[in-house]
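A quick write-up on the structure given underneath.
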Amino acid sequence: MLEVRNGGFETTVQDYPGRIGMLSLGFAPAGPMDDYAFRFANVLVGNPPGAAGLEITAGGLVVAFRDERAIAICGADMGARLNGQPVELWRSYLVRAGDVLEFDYLQGAGFRTYLAVSGGIDVPPVLGSRATYLPGAIGGLEGRKLQAGDTLPLGEPVVDPAQAAGRRVPSALVPSYPGYNEVWEVEATRGPQADPDYMTADDMAFFFSHQWKLDAASNRTGYRLDIHKWQWARTSGGAGGGHPSNILDNGYPVGAVNVCGDQPIILCIDGPTLGGFICNAVVAKAAMWKLGQMVPGWSYIRFKEVTLEEAIALLKKQDETIHESNLERS
């Protein structure tokens with residue numbers, strides 16, 4: 001068991017890739033916002049990359065261990081301390097019964113960090129996943145964020161914790177996060193509803209060149225961006241509605257940039273699965289982790305257009321990178 005003494009600002013159980021294949025039934029996949037850090041944390045402790053772990057948003061989590069485990073923390077720096085001693089990010093440690101791990105709050109760039117424990121968090125799967133889907137109140141621990149007094153069951157470690165401890169991700173593979181008011185470059189493909197049928201070429205040129213401010217009213221459901229007066233390639237939505245952004249309801253891809261009137265909104269991993277507005281672009285799956293480390297109200301985004309083939313190549317390279325063979329001994 002893992003004992004929760006303080007749940008922090010928002011800590012949830014997640015796994016990767018989440019609840020796949022359920023979009024047609026209205027369930028977004030959930031899972032970690034930053035799957036790069038999440039998967040590497042798991043690999044460090046000897047788990048499968050997708051094993052259930054904890055997503056810690058902004059900080060404040062305090063947990064105690066009841067047996068010997070390997071742990072790793074990857075993502076934003078939240079001043080983690082093990083029994084009062086600082087813990088390095090992107091490396092694995094051995095913990096024993098009675099040890100206490102506590103997180104402060106954000107110490108710099110980034111917004112989320114991830115705790116992996118050897119054996120994984122062994123809560124019951126719901127619809128094929130242990131990921132917490134907060135809008136539907138399912139998965140994880142009772143479909144909610146963690147709170148003081150919770151206990152989380154742990155699985156049997158695949159690798160001996162003592163052997164898994166003492167490994168690190170090479171510095172060349174550790175991403176740096178843009179800081180306050182800095183710009184994130186986010187790869188995205190064009191469409192499914194873009195120019196020339198829905199938007200103009202000038203609209204799309206603006207979309208891919210503008211520095212979009214991430215609104216403070218953003219979360220795992222959607223990332224709101226600047227209001228912008230688009231030119232539009234048509235005068236109305238026709239059968240879909242009176243505004244040019246309207247279409248007949250259709251399915252939304254995860255990571256779609258949904259243009260609702262004048263406002264683009266990135267549909268994140270807890271986002272809606274269908275609706276009646278156009279999607280002029282989709283964030284490449286290999287770039288979705290960047291959304292997880294952006295700070296609402298602070299960060300800026302510039303979209304970099306990539307082809308479908310380039311997006312697939314980025315994902316393949318990322319999957320090959322997050323592998324035990326790339327770790328080194330500390």
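The values are calculated or read from the model by the stated rules, or taken from the named source; none is laboratory data. Here the structure is a predicted model, which is why all the values come from computation and not from measurement. Ideal geometry is used to build each Cβ from the backbone, glycine not excepted, and the neighbour counts take in all protein chains shown. Surface areas here come from the heavy atoms of the whole protein model, side chains and all, with no ligands, DNA or RNA. Shrake-Rupley method; radii C 1.70, N 1.55, O 1.52, S 1.80 Å.
If you add up the charges near residue 133, with Lys and Arg at +1 and Asp and Glu at -1, over every other residue whose beta carbon is less than 11 angstrom from its beta carbon, what do you get? For residues surrounding residue 133, the net value is +3.
Relative contact order of segment 127-275: what whole-number percent is it, with Cα pairs under 8 angstrom and at least 6 residues apart? Reported as a whole number, the value is 15 percent. Net charge in the neighbourhood of residue 96 (other residues with Cβ under 9 Å of its Cβ; Lys, Arg +1, Asp, Glu -1) is -2.
With contacts taken as Cα pairs under 8 Å and at least 6 residues apart, segment 180-248 reaches a relative contact order of 25 percent.
With helices as the sole contributors, the chain gives -3500 deg cm²/dmol at 222 nm; each DSSP H run of n ≥ 4 counts as -39500 (n - 2.57), and the sum is divided by every residue. Rounded if a/c is under 1.5, else prolate if a/b beats b/c, else oblate: with a ≥ b ≥ c from the C-alpha gyration tensor eigenvalues square-rooted, which is segment 1-55? Oblate is the answer for segment 1-55, as a/c is 1.5 or above yet b/c matches or exceeds a/b. For the residue pairs 290/317; 213/304; 145/213; 285/316; 213/317; 229/285, the C-alpha atoms sit more than 20 angstrom apart in 145/213; 213/317; 229/285. Packing order of peptides 156-163, 264-271, 235-242, highest average first: 264-271, 156-163, 235-242 (average count of other Cβ atoms within 10 Å over each peptide's residues).
Using the Cβ-Cβ distance between residue 162 and residue 127 with R0 = 51 Å, the FRET efficiency computed as 1/(1 + (r/R0)^6) comes to roughly 0.90.
Only protein heavy atoms count here; on that basis, with a 1.4 Å probe, residue 94 has an accessible area of about 40 Å². Computed over the Cα atoms of the chain, pair by distinct pair, the Kirkwood hydrodynamic radius stands at 20.4 angstrom. Express the accessible area of segment 13-165 per residue in Å², computed with a 1.4 Å probe while the remaining protein chains stay in the model. Spelled out: the 1.4 Å probe surface of segment 13-165, per residue, equals 35 Å². Cα centroid separation, segment 132-155 to segment 214-252: 33 Å. Averaging the Cα positions of each part gives two centres, and for segment 82-115 and segment 8-53 these lie 19 Å apart. Residue 171 sits among other residues whose Cβ lies under 13 Å from its own Cβ, and their net charge, with Lys and Arg +1 and Asp and Glu -1, is 0. With a Förster radius of 25 Å applied to the C-beta separation of residue 325 and residue 96, the computed FRET efficiency comes to 0.30.
Quick one: plug the Kirkwood hydrodynamic radius of segment 43-123 (C-alpha pairs) into Stokes-Einstein at 25 °C, 0.890 mPa s, and report D in µm²/s. Estimated via Stokes-Einstein, D reaches 195 µm²/s. Put simply, the C-alpha atoms of segment 175-282 give a gyration tensor, and the ellipsoid matching it has half-axes of 24, 16, 12 Å, longest first. Classify segment 214-267 as rounded, prolate or oblate from the Cα gyration tensor: take a ≥ b ≥ c as the square roots of its eigenvalues, call it rounded if a/c is under 1.5, otherwise prolate when a/b beats b/c and oblate if not. In terms of gyration-tensor shape, oblate.
On the basis of the beta-carbon distance and an R0 of 45 Å, residue 176 and residue 236 show a calculated FRET efficiency of 0.50.
Percent relative contact order of the chain, based on C-alpha pairs within less than 8 angstrom and at least six residues apart? Present the calculation step by step, with values, prior to reporting the outcome.
Values: 905 pairs, mean separation 68.4, N = 330.
Answer for the chain is 21 percent.
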